[in-house]
Amino acid sequence: MTKIIREDISIPILKVNEEIAQELREFFNKRKIFVINIISSPGAGKTTFIEKLLSFFEKNKVFILVGDIETERDAKRIREKGGNSYQIVTGGTCHLEAIMIKKSISLIPENTEYLFIENVGNLVCPASYDLGEHLRIIMLSTPEGDDKLPKYPKAFLTGDVILINKIDLLPYLNFDIEKVEEEAKKIKENIKIFKISALKGDNIKEVAEFIKNKREEYFKS
Amino acid sequence: MHEYSLANNLIELLREQKKEKKAKKILKVELDFGKLSGAEPVLFEEAFEILKKETEFKETELKINLIEPEIKCLKCGKTFNTPYFPFLCPFCENFGGEIIKGDKIFIKSLVIENF
Ligand SMILES: [Zn+2]
């Protein structure tokens, strides 16, 4: 006799990712590695930003994981600037998952204090995946237009920091930076915003200081 | 575009549940699908329908309940529903807030056939 029953359960569909992310966070905490997940659209300038940011950190204390759909290009660019980096090729997947980070942690050198994760260029999918990070940076760039926040609220909602990149192009664009700042505050009141130019190096030092302070604050307690 | 990846996760979880519950078949799976999950229900359904064909869940029926976001105002502490951004509290007109429901996808129930 077969019997048909209904069972009520409550399992998040991303259960496995959530469990691995938690495991990763514990690992990072034990090693005192502060992890920063950087999310943006393609071409917003993540790689250039990381290249510039590196000059404010001691090279041997920073490790960078780069997620890309199929090329090794960005990691190579970072290595050429003297950074320790490794590319995770996602094989067509549009986001990084905690399991991909887990497979790469053995590459992280002993004395690493900061791990930057350059996520796959995309503002939608990466926002749903916790990678065990301590700080989530969402980057947008002025040529993308000033309507990104209402279009991709989830990304900005899960972020701790917004970087508005390519401010050097503001004189040539119709980009209302005040409107963007106002909208950001309406999505998340306490979100931190930096207006930067990764190319020219504007305000990168301030972002670096902010990250260093966050690490200190986090591991003090 | 991560709906395929999510549908794959669902299939993995169904496998796990089937084993755990020693079920013969999973006839139906019901999801609470948050409107702020970042995934498109239509694309998700399509992905599941395609992927399930290669699995033991060929006959599993998918039901999606769309869940409206529920926000807790950080100023007055009341909760409210709103499908739109920004989150504007109707009680104290404060912007922003904490999402307490509607930003994830959950398996809510299974209908299983036992031996
Ligand atoms: Zn309120």
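Just so you know, all these numbers are worked out from the coordinates, no wet-lab data involved. What you see is a predicted model, and the numbers here were worked out from it, not measured in a lab. For neighbour counting, all protein chains shown are included, and Cβ atoms are generated from backbone atoms with ideal geometry for every residue, glycine included.
Observations on the structure shown:
- Within the stretch B:50-71, the set of residues being within 15 Å of the ligand (Cβ to nearest atom) and away from chain A (no Cβ under 13 Å) comprises B:E70 only.
- Answer residue from the stretch A:1-50, given it is within 12 Å of chain B (Cβ to nearest Cβ) and in contact with a Ser or Thr (Cβ under 8 Å, 6 or more places away or on another chain) and is farthest from B:G38 (Cα to Cα) among those: A:R6
For (1) hydroxyl-bearing (S, T, Y); (2) within 12 Å of another protein chain (Cβ to nearest Cβ); (3) touching a Phe, Trp or Tyr at 6+ places or on another chain (Cβ under 9 Å), each residue gets a yes or a no:
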{"residue": "A:K76", "(1), (2), (3)": "no, no, no"}
{"residue": "A:H95", "(1), (2), (3)": "no, yes, yes"}
{"residue": "A:M100", "(1), (2), (3)": "no, yes, no"}
{"residue": "A:I117", "(1), (2), (3)": "no, no, no"}
{"residue": "A:H134", "(1), (2), (3)": "no, no, yes"}
{"residue": "A:S141", "(1), (2), (3)": "yes, no, no"}
{"residue": "A:N165", "(1), (2), (3)": "no, no, yes"}
{"residue": "A:F175", "(1), (2), (3)": "no, no, no"}
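- Residues in the stretch B:33-44 that are touching a strand residue (DSSP E or B) at 6+ places or on another chain (Cβ under 7 Å) and either under 15 Å from A:R6 (Cβ atoms) or more than 8 Å from every other protein chain (Cβ to nearest Cβ) (or both): B:F33, B:G34, B:K35, B:P41.
- Selection status of A:E183, within 14 Å of another protein chain (Cβ to nearest Cβ) and either surrounded by fewer than 19 Cβ atoms within 10 Å (Cβ to Cβ) or in contact with an Asp or Glu (Cβ under 9 Å, 6 or more places away or on another chain) (or both): yes
- Residues that are surrounded by 14 or more Cβ atoms within 10 Å (Cβ to Cβ) and either within 13 Å of the ligand (Cβ to nearest atom) or within 11 Å of chain A (Cβ to nearest Cβ) (or both), drawn from the stretch B:82-101: B:T82, B:F85, B:P86, B:F87, B:L88, B:C89, B:N94, B:F95, B:G96, B:G97, B:I99
- Just one of (1) in contact with a Leu (Cβ under 9 Å, 6 or more places away or on another chain); (2) more than 9 Å from chain A (Cβ to nearest Cβ); (3) within 16 Å of the ligand (Cβ to nearest atom); (4) aliphatic (A, V, I, L, M) fails for B:A47. It is (3).
- Residue match in the stretch A:52-64 (condition: within 14 Å of chain B (Cβ to nearest Cβ), more than 24 Å from A:S141 (Cβ to Cβ), surrounded by 17 or more Cβ atoms within 10 Å (Cβ to Cβ) and within 17 Å of the chain's Cα centre (by Cα)): no
- Considering the stretch A:1-51, the residues that are farther than 17 Å from A:A127 by Cβ, of a type in the set (S, T, Y) and under 16 Å from the mean Cα position of the chain (by Cα) include one that is surrounded by the most Cβ atoms within 10 Å (Cβ to Cβ), namely A:T47.
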